[in-house]
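Down below is the structure, laid out as structure tokens.
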């Protein structure tokens, strides 16, 4: 799971803000808005092994603090969404704050966690391997 964190005024980001989120499904949560971006075609359904999450190109979560989290199972997809957001919005509206890579999906856990700040959530799920 690849996560790229950008900082933005949450009011500045809408479904029309980026060429990828235009084709997304938007869901409002207590701490922000989730934009799930689906693949533009269904060619992936012919794969020998089909997983439901294969329908998803990536996701964008904009929390009320102005953290914009780009998420995808593919580095290429996450980078494409990030690049579109950074190039299609004004430079003074959004900037890259951090990049993460996790061995498991964490975006939906964060969205439902009750944490407002993504950095606090990351700190809470991280552990120091020297404590073993």
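The values are calculated or read from the model by the stated rules, or taken from the named source; none is laboratory data. None of these values were measured; they are calculated from a predicted model. Because the Cβ atoms are built from the backbone with ideal geometry, glycine has one as well, and the counts that use them run over all protein chains shown.
Here are the numbers for the structure shown:
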quantity	calculated
Test: residue in the stretch 2-13 that is surrounded by 13 or more Cβ atoms within 10 Å (Cβ to Cβ), modelled with pLDDT of 80 or more and assigned to a helix (DSSP H, G or I)	yes
Conditions (1) assigned to a helix (DSSP H, G or I); (2) surrounded by fewer than 17 Cβ atoms within 10 Å (Cβ to Cβ); (3) modelled with pLDDT of 85 or more; number of the one not met by residue 54	(3)
Count of residues meeting criterion [exposed (fewer than 15 other Cβ atoms within 10 Å of the Cβ) and closer than 16 Å to residue 113 by Cβ] in the stretch 20-40	3
Odd one out for residue 87, checked against (1) more than 13 Å from the chain's Cα centre (by Cα); (2) in a strand (DSSP E or B); (3) modelled with pLDDT under 90	(2)
